[in-house]
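J.: One structure coming up, written as structure tokens, with questions to follow.
Derivation of every value follows stated rules applied to the coordinates shown; laboratory data play no part. Every value quoted in this text rests on a predicted model; they were computed, and no experiment measured them. As a convention, Cβ positions derive from the backbone with ideal geometry for all residues, glycine included, and neighbour counts pool all protein chains shown.
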Amino acid sequence: MSAAQDTAARSGRLAGLVQRHGALGVLVLLLVVGGLAFDTFLTAYNLGNLAVQASFLAVIALGMTMVIVSGGIDLSVGSVYALSGVLAAYASRWGPLAALLVPLAVAAAIGLAQGLLVGRAKLAPFIVTLGGLLFARGLLQFITTEGSETYLVPRESAFLQLGQGTVLGVGMPVLIVVVLYLLGGTVLQRTRFGMRLFAIGGGEDAANLMGLSVTSTKVGVYVLSATLAGLAGTMNAAQLGSGVTVIGVGLELNAIAAVVIGGTLLTGGSGSVSGTLAGVALLFVIQDLINQVGGFNSNLQAVVSGAVLVTVVVLQTLLSRTRR
Amino acid sequence: MRPGSRAHVVGLARDYGVYVALGLLVLVNLVLTPNFLSVDNLRTQAVQVVPVLVVALGMALVIGTKGVDLSVGSVMALAAAVLPLYLGYGPVLAVVICLAVGAAAGVLNGSLVAFVGVQPIVATLALLVGGRGLALVISGGQLREVRNPEVRELGSGSVLGVPNTVLVAVVLVVVVALLVGRTTFGRQLVAVGGNPKAAEFAGLPVRRVLVGVYVISGVLAAVAGVLATARLGASDPSRLGELVELSAITAVVVGGTPLTGGRVRVLGTVAGAVLMQLITATLIKNDVPASVAQMAQALIIVAAVLVQRERGAA
Amino acid sequence: NPEGGPADPGASSGGGQQVTRTQDAGGPGCSLQQYGVEKIDLSKAVVGFSQSEKEANPFRIAETASITAEAKKLGARLITTNANSDLGKQISDIQSMLAQGAQLLIVAPLNSEGLEPALRAAREKKVPVITVDRKLSSATACKDYLTFIGSDFVDQGRRAGEAMAKVTGGTGKVAILLGSSGNNVTTDRTSGFKDYLKASAPGLQIVAEQTGDFAREKGQQVTEQLLQANPGITAVYAQNDEMALGAVTAIRSAGKKPGQDIKIVSVDGTRNAVESIVAGEMNAVIESNPRFGPLAFQTAQKFYGGESIGSTVIIQDKSYDSANAKAEVANAY
Amino acid sequence: MSSSEDVPERTAPVVLEASGIRKSFAGVHALRGVDFRLRAGEVHALVGENGAGKSTLIKVLTGVYQPDDGQLSYLGEPVSFTRPAAAQEAGISTVYQEVNLVPSMSVAHNLYLGREPRTRLGLVDFRRMRRAAAELLTDLGIDVDPLRLLGTLGLGVQQMVAVARAVSTEARVVIMDEPTSSLEPREVETLFALIRRLHERDVAVVYVSHRMEELFQICDAVTVLRDGRLVHSGPMYEMTRLELVSTMLGRPLTEVRREGTTAFGGEHETGSTALLRATGLSRRGVLGAVELSVKPGEVLGLGGLLGSGRSETVKALVGLQPLDSGVIEVDGRTVRKGSPAAAIRAGIVLVPEDRKAEGIIPHLSVRENIVLAALPRLSRAGIVSRARQDEVVATFMERLRIKASSPEQKVNELSGGNQQKVMLARWLAMSPKVLLLDEPTRGIDVGAKAEVQSLVDDLAAQGLGIVLVSSDLEELVEGADRVVVLKDGSSVAVVTTPSVDAVMTAIAEENAP
Ligand SMILES: Nc1ncnc2c1ncn2[C@@H]1O[C@H](COP(=O)(O)OP(=O)(O)OP(=O)(O)O)[C@@H](O)[C@H]1O
Ligand SMILES: Nc1ncnc2c1ncn2[C@@H]1O[C@H](COP(=O)(O)OP(=O)(O)OP(=O)(O)O)[C@@H](O)[C@H]1O
Ligand SMILES: [Mg+2]
Ligand SMILES: [Mg+2]
């Protein structure tokens, strides 16, 4: 092939690289700046805590990445997250295993329903999962009698380890995230399922005409996303020791933001889990830096984070321009 | 296709699904809800639907271009926060300034989408987060009573029994309907949504159209903010327009405008908004607990889009 | 949460500041030794305050202002954070303040459950935690946290019931405007109210309970709907002033006289609400006092001064009605 | 192969059979009871005018559409494929008319999607996939990096990739819907070699094309559709080219006979001064240095191999391809580069090559698609005038014989060829000075092709300057007064008296290192 095409190809790949790791770049930058500015920032203590707190969003964002790569979106994750936390706390009375499985089962069921509506009935993911958002939240309030009951996890339950345990000083949630992202990366980049996700996101009709099983793949990815949201909620319940009813509101937007900042295109067909992880970390680091700087009142903070979001996304988009 | 044939019926259901659902809900209410047909009640529903409807009109245009505008709620808040500041210079100027703020928000969103190429959801997410914050900074987080008589009149007055806010909404519906159906801008908008690349190849001013659409959405959101504030008699930036983006999007989609762009159904959007309003009303009037209400809402929404889905010919 | 209406933070750190009762959940109360922390000099200390919600309503504004003002008075260095109604963020906020070397924490919990991880972190760092305005239900004083300073929401509900019985003469159809669901302020203010009615005012019949999300517009819309569905409604219990004020407009536009045809009782004690009592459009307001600053720091000083502290310090909540509104309106926040 | 010793093949076992197939879409009857019989090892031509129902039949055969009525049988068994996947698993692989691959994925991925080679752990084995892809591509003489994103390739290459994918499976039936519509003679030859190999492996091939000469070169049997009905089916050698055309069009031989291979007349009356002049157009990695000029009434051809940059060149001329340097003048006035609007104002318009991606607005009606570009001039103060629209639309639908149930039919429901005509109409409605045509007759039937070609003559006669890109060499040389030959994005030769040989040699020379 001609030199022209060759350079074109290479610059294409390079752009891909930058796009995937643009978030990482910004992250490193902030870490360095933050570290120089505040001696209480780059401490193992602070970062350790941040990592644990970030792990729940990380787990959710993993599923969101896959959904978005397939050209869809899942708005229900925030509610499913909260619902699963409540279910876990409730089920913990029957032992750790129940506390783990009950919420996952319910979450998966919700995912399945959404998947069928999107994959089979060909409804718009946005509206279907918006329904899921309302439904799961309603169900949560129903089983907590309008949110008046908070179920507690028995203080001695082994289930708590899932959120509070540590291995060699590293929080259990963090370890889970590491494992899940290794798995997730492999699934997305190295399995036929992953390939199908990219294909569907890149051109659904084409994927269908190429004889790929579009429907089942879509169903699968929504089940996956909901189950991961469920797992996040379960881990959270284990960390909090109770099924808190007021969490997860608007969480879907954070997840989407993290995914997009991570360089995954909302139009589908391109993305990476490593980028998403960087995106999640970025959100939490920014939040902590705003705290470290201090002095902003809460309203100003909102303005600042809005501005930061724009900046990051614009940077990100400009870096990946050559891609589109 | 033969009238009466199954395909024919399905086709109708698809095109008029939202009206069918609306009809059913009215019937349900006639049975369940005491004095549902009373003029007062109808007026109440009409008045309450106005803000969502006005926002939804703009949203429909944005969605027509394959986009979405999450910032509308915050823009409502911004308008509400700005209004009292300028009432001193007379209500007209104050309102104009509010609309200008809405337009500015639109320019920001539109530029991010059209020139930088940021994905609409995220582009407008930034303003969703920052916009309300700004509104609160402006207002010091305080709710302010609005005592200006003209504004109050706008909110609570009526002409021949028709509330002013409703009149405004009706006018806007007509304007937007004409805009979509009868103007070059409207047709270009739909083309851009249908196939951006082809639109560019056809020499359409794609970017101008995109920015224009977000500006319209911003301005309409500001109008909604003003109307809501006038009605409430107070400017409440901290709570006004919370989650309105979701209600608006739902109204648009339930009204038959596909999120995939390339088509805009204005009347459908009106019907969609009214449908959502009636659902809420029905649930409240029959004192359904919040939990059940939310689940019911979810199911009805999905059902409504299920009726009118495109049958999947690849 | 309980909030609404314009207030001026200036007034907030001021008056109306006594303790009604302090409880020692059994035991002698809590001393430095029992809590296991060293003595520090507050005037040189780093104090962290974790606010739960945006300062976007009078209650939060007054609360934060009161604490900042008091800290300044003592010369303590105050770090503030705001969780923006996100529990996860409140946990990282608290941990982040610990990382920044906070020696005393004042926490306004977002929820009565779910702060364990943060409390654990504070305990590991031997940093005492004073919780304000919302009681942690399953955590134990002097162990997970030092003490709780705030109102008793159930009691607020009960007193609202009392007031309602008084203004209605004990008979009528009541509609309840609930706060946001899933929020335990809502739950407590409801149960307190209902229990009182069951026990002492059987003549008051609850015909509707719908959420108004603590917001004025929602309160207005819901009231409009309810009034049409059951015209028989004679009284409204709003769980915060904002919803009550929304109800006032709704009732007016329905062509009835708020305060007369339909009685209105609410909780909070914001300036606007008290003013509408003066105007005769509302009937009673139970205060929910946000001015924790002085009391919180007094308690801390006592604690470091070696005194032992009760597990719960209930701050006094006034109540306003047609009798005292005119006189008291200046003290409303 | 269509020589007499193949006659016995007519008795070879039937692999795929369809009988009484009906299929109609909202309003349109695409197939009205079609029978089709495919025998092992035969290459079966499926021909018909645009909109005759070829693609629909293929989509019914491969499970994309469910027939409203009629039966399918495969290897003697009655079957009904519910999804394309089902048909492929059964051993029927298809190249659909509009290239249907995933632009955002690499060539290698596209070749192996759904059947990626896997390691023992069940993970996709990229190294093997890449190697296999590379072999497959070189085997088919496609010179392209397997890692290259498909979307960045010219339509021609994409089409070859699609073919490669289809033939690389162990299929018993291979269906190709207009595989050569944007292929060069060279690629066409590669493709035919391929088909011959399939023929030896006793694979049955269904071959759709509007290029008559190809059919007679490669096919043994032919089935002719007209308006969704079967009008003829039989061995190829029984028919002359003219007979075939007349059966297709349903017009008597005498009428058809008059048309030559193409409908172009001879030389054009060309003005003296250049209407369009482009000098030194260049873009790093895409265009080297392109020089060309068109006089009024002249048809300028662009020749070259796949990827030589013809499409890039014409895109550049209308501001759709960013340029690093170069000057574009119309009537001596310089046109602002990189701005489609400016180009259109100057009177240069492009009918793009990739109809699906760059042309039609699927959800809009034929009417709206035609008037799209002309909207501003068809409206006053931003208010569109329906009357003036209908006028324009009526004129062009009539003039180009666009086959649609009504101007309000959705354009994506039209047959490929008719969509192409809609594109032409959109740009003719702009009454341009210079008309750039990238593969204007791609995928349109002989009748329509003749119409388009004579249309081009008329337009030239009216004094338009025309730039013609066509991978159909005959069309190119008969249509053009001069041919500029491109290679690797640079203009390397000008052939002033175009003939197939002249152009071929020009390209060949420049190819020789
Ligand atoms: N999805 C659809 N909806 C409605 N009508 C359709 C659809 N697909 C095809 N048609 C109609 O069916 C008829 C046959 O179309 P088809 O694509 O099979 O023609 P074709 O023979 O492939 O033409 P070409 O040679 O141009 O590709 C046309 O009149 C077309 O308008
Ligand atoms: N055989 C090929 N190998 C690699 N890249 C190619 C090949 N053919 C085309 N391309 C690339 O595709 C892009 C489009 O090529 P272009 O369409 O301009 O060429 P063309 O002469 O018009 O060929 P086509 O007939 O395919 O349009 C160019 O960037 C070119 O580099
Ligand atoms: Mg076809
Ligand atoms: Mg080309």
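J.: Projecting each Cα onto the charge dipole of the protein assembly as shown (Lys/Arg +1, Asp/Glu -1 at the beta carbon, about the Cα centre), which of C:Ser181, D:Phe216, D:Ile142 comes out farthest on the positive side?
T.: Positive-end residue among those listed: C:Ser181.
J.: Just the Kirkwood number for chain B, please: inverse of mean 1/r across all distinct Cα pairs, in Å, one decimal.
T.: 20.1
J.: Could you list, in their original order, any pairs among C:Lys44/C:Lys89; C:Lys135/C:Lys166; C:Lys39/C:Lys89; C:Lys173/C:Lys257; B:Lys66/D:Lys421 whose Cα atoms are separated by more than 20 Å?
T.: C:Lys44/C:Lys89; C:Lys135/C:Lys166; C:Lys39/C:Lys89; B:Lys66/D:Lys421
J.: Out of residues 5 or more away from C:Val236 or on other chains, whose amide H comes under 5 Å of its own, with H placed 1.01 Å from N in the peptide plane?
T.: So C:Val236 has HN proximity to C:Ala175, C:Lys263, C:Ile264, C:Val265.
J.: Let me ask something else. Report, in deg cm²/dmol and to the nearest 500, the calculated mean residue ellipticity at 222 nm for chain C, where each DSSP H run with n ≥ 4 adds -39500 (n - 2.57) and the sum is divided by the residue count.
T.: Mean residue ellipticity at 222 nm (helix-derived): -12000 deg cm²/dmol.
J.: Per-residue Cβ counts within 10 Å, from other chains only, averaged over A:264-274: what number is that?
T.: If you average over the peptide's residues, the count of other-chain Cβ atoms is 2.
J.: Would you please report the Å³ per residue occupied by the convex hull of the alpha carbon atoms in segment A:58-122?
T.: 81
J.: Going by C-beta contacts inside 10 Å, put A:Met66, B:Met295, C:Met164, D:Met504 in order with the fewest on the left.
T.: Going from sparsest to densest Cβ surroundings: D:Met504, B:Met295, C:Met164, A:Met66.
J.: Follow-up question, since we're still on this one. With N residues in the protein assembly as shown, what two-decimal value do you get for its Cα radius of gyration over 2.2 N^0.38 Å?
T.: Relative to the 2.2 N^0.38 Å estimate, the protein assembly as shown comes out at 1.02.
J.: Still on this structure: Taking segment D:377-513 on its own, what percent of its Cα-Cα pair distances exceed 19 Å?
T.: Tail fraction, whole percent: 58.
J.: Oh, and also: For a quick check: sort D:Thr190, A:Thr227, D:Thr82, A:Thr276 by the number of other beta carbons within 10 angstrom, fewest at the front.
T.: D:Thr82, D:Thr190, A:Thr227, A:Thr276
J.: Quick one: what Rg and Dmax do you get for segment A:154-258 from the alpha carbons, in Å?
T.: Calculated on Cα positions, Rg and Dmax stand at 17.5, 55 Å.
J.: What list of ³J(HN,Hα) values in whole Hz, one per residue of segment A:109-125 in order, does the Karplus curve 6.51 cos²θ - 1.76 cosθ + 1.60 (θ = phi - 60°) give from phi, with Gly and Pro shown as x?
T.: 4, 4, x, 4, 4, 4, x, 5, 5, 7, x, 6, 6, 6, 7, 5, x
J.: Which whole number gives the average count of other chain Cβ atoms within 10 Å of the Cβ atoms across peptide C:213-219?
T.: Counting other chains' Cβ atoms within 10 Å and averaging over C:213-219 gives 5.
J.: Once you charge only the Cβ atoms, +1 for Lys and Arg and -1 for Asp and Glu, what is the size of the charge dipole of the protein assembly as shown about its Cα centre, to the nearest 20 debye?
T.: 1900
J.: Which aspartates and glutamates, on any chain, are close to B:Lys285 with Cα under 20 Å apart, when same-chain ones fewer than 8 places away are left out?
T.: Those aspartates and glutamates meeting the cut-off are A:Glu146, B:Asp40, C:Glu209, C:Asp213, C:Glu217, C:Glu224.
J.: Defining a contact as two alpha carbons under 8 Å apart and six or more residues distant in sequence, what relative contact order in percent does chain A show?
T.: Taking the mean separation of contacting Cα pairs over the length of chain A, I get 35 percent.
J.: Taking every pair of alpha-carbon atoms in segment B:208-314, give the share separated by more than 25 Å as a whole percent.
T.: Working: 1896 of 5671 pairs.
Counting pairs separated by more than 25 Å, the tail of P(r) holds 33 percent.
J.: Let me ask something additional. Tell me which residues come under 5 Å, amide H to amide H, from D:Leu230 once H is placed; ignore anything under 5 positions away on its chain.
T.: D:Asp35
J.: Shifting gears a bit: I'd like the orientation of helix D:155-167 relative to chain D: the angle between its Cα long axis and the longest Cα principal axis, in ° from 0 to 90, rounded to 10.
T.: It is inclined by approximately 10 degrees.
J.: Follow-up question, since we're still on this one. Can you list, by residue number, the Cys in the protein assembly as shown that have no neighbouring cysteine C-beta under 4.7 Å?
T.: By the Cβ distance rule, which asks for a partner under 4.7 Å, the isolated cysteines are B:Cys98, D:Cys219.
J.: Mean residue ellipticity at 222 nm from the helices of chain D, using -39,500 (n - 2.57) per DSSP H segment of n ≥ 4 over the full residue count, to the nearest 500 deg cm²/dmol?
T.: For chain D, the value works out to -9500 deg cm²/dmol.
J.: Something else about it: Report, by chain and number, residues whose modeled amide H sits under 5 Å from the one on D:Phe25, excluding near sequence neighbours (fewer than 5 apart, same chain).
T.: Correct list: D:Ala30.
J.: Return the percentage of antiparallel bridges among DSSP beta bridges fully within chain D, rounded to the nearest 5 %.
T.: Rounded to the nearest five, the antiparallel share is 55 percent.
J.: What percent do you get for the relative contact order of segment C:81-157 when only Cα pairs under 8 Å and 6+ apart count?
T.: Result for segment C:81-157 is 26 percent.
J.: What does the convex hull of the alpha-carbon atoms of chain C project to on average, in nm²?
T.: In nm², the orientation-averaged hull projection of chain C is 15.6.
J.: Now a separate question. When we measure straight from the Cα of D:Lys433, which aspartates and glutamates land under 17 angstrom away, once same-chain ones fewer than 8 places off are left out?
T.: Once the sequence-local aspartates and glutamates are set aside, what remains near D:Lys433 is D:Glu269, D:Glu298, D:Glu329, D:Asp331, D:Asp457, D:Asp458.
J.: Given chain C, what percent of its DSSP beta bridges are antiparallel, to the nearest 5? Before the final figure, lay out each step's value.
T.: Numbers: 8 of 48 bridges.
Bridges in chain C are about 15 percent antiparallel.
J.: Continuing with this model, one more query. Just to be sure I understand: of the beta bridges DSSP finds with both ends in the protein assembly as shown, what percent are antiparallel, rounded to 5?
T.: Among the beta bridges of the protein assembly as shown, antiparallel pairing accounts for roughly 45 percent.
J.: If each residue's Cβ is checked for other Cβ atoms within 10 Å, how do A:Phe41, D:Phe264 rank with the fewest at the top?
T.: In increasing order of surrounding Cβ atoms, one gets D:Phe264, A:Phe41.
J.: Which order, highest average first, do C:59-65, D:100-106 follow once you tally other Cβ atoms within 10 Å for each residue and take the mean per peptide?
T.: Going from most to least packed, we get C:59-65, D:100-106.
J.: Using only the Cα atoms of chain A, build the gyration tensor, take square roots of its eigenvalues as a ≥ b ≥ c, and label the shape rounded, prolate or oblate: rounded if a/c is under 1.5, else prolate if a/b is larger than b/c, else oblate.
T.: In terms of gyration-tensor shape, oblate.
J.: Give the distance, in whole Å, between the Cα centre of segment A:96-148 and the Cα centre of segment A:252-324.
T.: 27
J.: Name the helices (complete DSSP H segments) of chain C with a Cα length along the long axis of 15 Å or more and a Kyte-Doolittle mean of at least -0.5, or state none.
T.: C:58-74, C:87-99, C:153-168, C:241-253, C:293-304
J.: In debye, nearest 20: dipole of chain A around its Cα centre with unit charges on the Cβ of K, R (+) and D, E (-)?
T.: Numbers: 15 positive and 10 negative charges, 171 e Å.
I would put it at about 820 debye.
J.: Order of D:332-342, D:312-322, C:167-177 by packing, highest average Cβ count within 10 Å first?
T.: D:312-322, C:167-177, D:332-342
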